[in-house]
Amino acid sequence: MVAQKINASDAMLKVMADWGIDHIFGLPGGSFDSTMNALHNQKAIMRYIQVRHEEVGALAAAGEAKATGKIAATFGSAGPGAVHLLNGLYDAKYDHVPVLALVGQVATGVMNTDYFQEMNENPMFADVAVYNRTVMTAEQMPLVVDQAIQQAYKHHGVAVVTIPTNLGWQPIEDNFEATANLFQIGNYPEPRNADIERALQLIKEAKQPIIYFGQGASAAGEELVALSEQLKIPMMSSALAKGIVADDYPAYMLSAGRVATKPGVDLATAADLILFVGSNYEFGQYFFNPDAKFIQIDIDPTKLGHRHHVDVGILADAKTALKTLLTASQPVANQSTFYKAAIANKANWDVWTASFEEDDQSPLRVEPVFKQINDMASADAIFNLDVGNVSIDGVRFLKMRPGQKMTLSAWYATMGCAVPAAIGTQATYPDRQVWSISGDGGFSMVMQDIITQVKYQMPIINVVLSNDSFGFIEAEQDDKGQPRSGVAIQGADYGAAATAMGARGFTVRTLAELKTAFAAAMGTKEPVVIDVKIANERPLPVEQLVIDEQTQDPEKVAAFVEKYHAQGLKPFRAFLEN
Ligand code: FAD
């Protein structure tokens, strides 16, 4: 039987829909006209979401893929549109999520003639992409996109398909079958008995063992808590793994590093054994006790020993390995001094941070802002955090519960990621409460896309913490003893700017104004921007000094405590000796 004919671009969109992609972010261009035409024809299966900058489209796709674990799509036209995609694609690459990027190209008849907007796109995407091809015939278009999606899933990365625009207009037979239903991932090896036995032996011998988990354990929240309870081991995680275990779980200390909590740093430093599950955390060498024994669970054999010496490597899926450890071990009856001290240390930290939640200094501290966010967040809220001091504050002060999600440009750390990721996550979860939480530096890089939120009536709550500074870099310059250079930024009234773009904007300076704005923002069906003028105060750098007059220079401790209002924080030693 002779198949019906269909334009190649339409056939390509049908393949994407078969893989579950039902929308794509981008901005039209002449070299992308055949696909724009197909997007018009195929609106029943593929929604086009028009962003105001291709970088925002690519970051939206990356953010969406982080929240869903599924492939998301973006596009840019030849030349500048393609170049603008790069930043978002690198973010997807480094946080290991699948993204498909369609890239426009001039027609084949004028390719290689230095034509208007023509550039050689494949070399530019060579480093970022796990799959990077230019289609050569119209008939290839559905096939190449099908392969691209397979590769993006297989390698948790970015697939780029470049399309000379004349090919998309050509009719081809409408008989291509996507491989979406056949494709399988996740057949991981079972952990080896010998490794499990050796791991349990080391845990038994340890006096101060901890569990450190990363986003590779995202499906294993229950098993982490069960193992922590069964073996009476406190836990901490990478920043990116926030939300896998409830933040108020008493034996979970959050992170180490610059975004650390004090109990997180204390735990990493004191541990004599680390059960490292599904993480590739790169700064462990600075924070983990160098003499600690190290057991690593990862599905990727190249990650075992990648960042740290390993005593036992377990090549397995985190959930399976943790279940095996649970079955193979006996419950520990008594809580150790270390376990009890860790819990008390965390409680002390929680009391200290809560003591600022009603602080009404003006400009405001950040704790009252996060108190409002936590109080108003729904059970299924999605928080999209930006890069900078706001990453520290968000990881520390958001009180996440299972069912909520967080996205962050974690490894690539590109500023301006929160507004786009909020657009990406709201597009895929229209009924969930979506937040973007940025500093003024990150927000002002992408704020034009508040217009996108308005256009698509996305009720995103955008919170901007404005301190008129690139605060994260300012702190780095201070630490290096160099003069502050280029870090002060021109302030603006982002609430008024948002109102001018059609959103509901608030600019607040006092605790009373903050509460009024949040109350007004809740339940609206339109995008909201709340610009909070905060003090340019550095978040407590818990990683820099152990607040303990017995082990540190008392004068330094006193100055540190005074500077960061850290009265009330007790040294971990005090809980261990209790
Ligand atoms: P990844 O790097 O993605 O590693 C995940 C690992 O899990 C991989 O090895 C993978 O192979 C494995 N895996 C995947 N699936 C499975 C599975 N099913 N079973 C087993 N293994 C699996 N982070 C901090 O922790 N502290 C900081 O102080 C900090 N500071 C930051 C500051 C800023 C401004 C920003 C933007 C980010 C910061 N980060 C910080 C983030 C940090 O840089 C890391 O990118 C992030 O924490 C790494 O998270 P991860 O190890 O969980 O994820």
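The condition of being within 21 Å of Ala62 (Cβ to Cβ), assigned by TED's automatic domain parsing to the domain that holds Ala60 and either at pLDDT below 95 or touching a strand residue (DSSP E or B) at 6+ places or on another chain (Cβ under 8 Å) (or both) holds for only one of Val135, Val103, Val144, Val110, that being Val103.
So in the stretch 206-241, with the set limited to residues that are in a loop (DSSP other than H, G, I, E, B) and within 12 Å of the ligand (Cβ to nearest atom), which one is surrounded by the fewest Cβ atoms within 10 Å (Cβ to Cβ)? If we take residues in the stretch 206-241 being in a loop (DSSP other than H, G, I, E, B) and within 12 Å of the ligand (Cβ to nearest atom), then Ala219 is surrounded by the fewest Cβ atoms within 10 Å (Cβ to Cβ).
Residue pairs whose Cβ atoms lie under 6 Å apart, separated by 6 or more positions or on different chains, with the first residue in the stretch 448-472 and of a type in the set (Asp, Glu) and the second crowded, with 18+ Cβ neighbours inside 10 Å, are Asp449/Val51; Asp449/Val56; Asp449/Val419. Listed by first and then second residue, the pairs linking a residue in the stretch 261-284 that is closer than 24 Å to Pro301 by Cα to a residue that is β-branched (Val, Ile, Thr) and within 10 Å of the ligand (Cβ to nearest atom), with Cβ atoms under 6 Å apart and 6 or more places separating them unless they lie on different chains, are Val277/Ile297. Can you say whether Ala418 is surrounded by fewer than 24 Cβ atoms within 10 Å (Cβ to Cβ), within 15 Å of the ligand (Cβ to nearest atom) and either among the hydroxyl-bearing types (Ser, Thr, Tyr) or under 16 Å from the mean Cα position of the chain (by Cα) (or both), as far as the supplied structure shows? No, not satisfied. Within the stretch 291-338, being in a strand (DSSP E or B) and more than 27 Å from Leu576 (Cα to Cα) holds for Ile297, Asp298, Val312, Gly313, Ile314, Leu315.
Here is the figure for the stretch 243-278: residues that are among the basic types (Lys, Arg) and within 9 Å of the ligand (Cβ to nearest atom) total 1. Taking the criterion of being buried (at least 20 other Cβ atoms within 10 Å of the Cβ), more than 8 Å from the ligand (Cβ to nearest atom) and touching a residue at least 60 places away in the same chain (Cβ under 8 Å), the only residue of the stretch 296-312 that qualifies is Val312. Looking across the stretch 35-67, just one residue is of a type in the set (Asp, Glu) and out of contact with any Leu (no Cβ under 8 Å at 6 or more places or on another chain), and that is Glu64. Looking across the stretch 279-295 at every residue that is more than 9 Å from the ligand (Cβ to nearest atom), out of contact with any His (no Cβ under 6 Å at 6 or more places or on another chain) and at pLDDT 95 or above, the one that is nearest to Glu229 (Cα to Cα) is identified as Ile295. If we scan the stretch 372-381, do we find a residue that is in a loop (DSSP other than H, G, I, E, B), of a type in the set (A, V, I, L, M), within 12 Å of the ligand (Cβ to nearest atom) and closer than 25 Å to Ala535 by Cα? Scanning the stretch 372-381 turns up no residue that is in a loop (DSSP other than H, G, I, E, B), of a type in the set (A, V, I, L, M), within 12 Å of the ligand (Cβ to nearest atom) and closer than 25 Å to Ala535 by Cα.
Can you name the residue in the stretch 3-38 that is surrounded by fewer than 23 Cβ atoms within 10 Å (Cβ to Cβ) and without any contact (Cβ under 8 Å) to a residue 40 or more places away in the chain and, of all such residues, is nearest to Val145 (Cα to Cα)? That would be Ala17. Scanning the stretch 242-273 for residues that are on the phi > 0 side of the Ramachandran plot and surrounded by fewer than 24 Cβ atoms within 10 Å (Cβ to Cβ) turns up Gly243, Gly257.
The values are calculated or read from the model by the stated rules, or taken from the named source; none is laboratory data. Quick caveat, the model's predicted, so the values are computed rather than measured. Glycine gets a Cβ as well: all are built from the backbone with ideal geometry, and neighbour counts include every protein chain shown.
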